[in-house]
1. Report the label-to-label distance for E37 and A25 in nanometres (one decimal), using points 7 Å from each Cα along the Cα→Cβ vector.
2. Greater than 20 Å separation of Cα atoms is the criterion. Which listed pairs, K22/K44; K8/K44; K8/K58, meet it?
3. Kindly put D48, D7 in sequence by how many other C-beta atoms sit within 10 Å of each C-beta, fewest to most.
4. Within 10 Å, count the other beta carbons around each residue, average over each peptide in 16-22, 41-47, and list them highest first.
5. Ranking K49, K24, K66 by Cβ neighbours within 10 Å, fewest first, what do you get?
6. Using amide H atoms built in the peptide plane, which far-off residues or other-chain residues are under 5 Å from C9 H to H?
7. Apply the Debye scattering formula to the chain, with a single equal point scatterer on each alpha-carbon and no solvent, then give log10 I(q)/I(0) at q = 0.21, 0.27 Å⁻¹.
Amino acid sequence: MVKDINDKCCPLCQGDNQCGIKNKAPCWCRQSEMPIELINQVPKNLKDKSCICQTCLKKFNRAQFKEVN
């Protein structure tokens, strides 16, 4: 049985990803750099199904910054 995937949910935290890819205006995700290391954290069955949310992107970027400093 295949479970429907909600494209409005982040594949990492299941929160609202605020994806606007289906809207007329460009989605925020198209204007942001999404690190491959973060994309690689998405479970295989959810890859390319929905956007990673801004919260997960910011959390990842903060963690990377702390590792460098």
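FYI, it's all coordinate maths here, none of it is from the lab. Small disclaimer: the values here were computed from a predicted structure and weren't measured. Using ideal geometry, Cβ is built from the backbone for each residue, glycine included, and neighbour counts are taken over all protein chains shown.
1. Between E37 and A25, the label points sit 3.2 nm apart.
2. On the way: K22/K44 23 Å; K8/K44 18 Å; K8/K58 18 Å.
The pairs that break the limit, which is 20 Å between Cα atoms, are K22/K44.
3. On the way: D48 7, D7 13.
Arranged by neighbour count, lowest to highest, D48, D7 become D48, D7.
4. Working: 16-22: 15.3, 41-47: 11.3.
Ranking the peptides 16-22, 41-47 by packing returns 16-22, 41-47.
5. On the way: K49 13, K24 5, K66 8.
So the residues, fewest neighbours to most, are K24, K66, K49.
6. Amide H neighbours of C9: N17.
7. Ignoring solvent entirely, the Cα scatterers give -0.91, -1.31.
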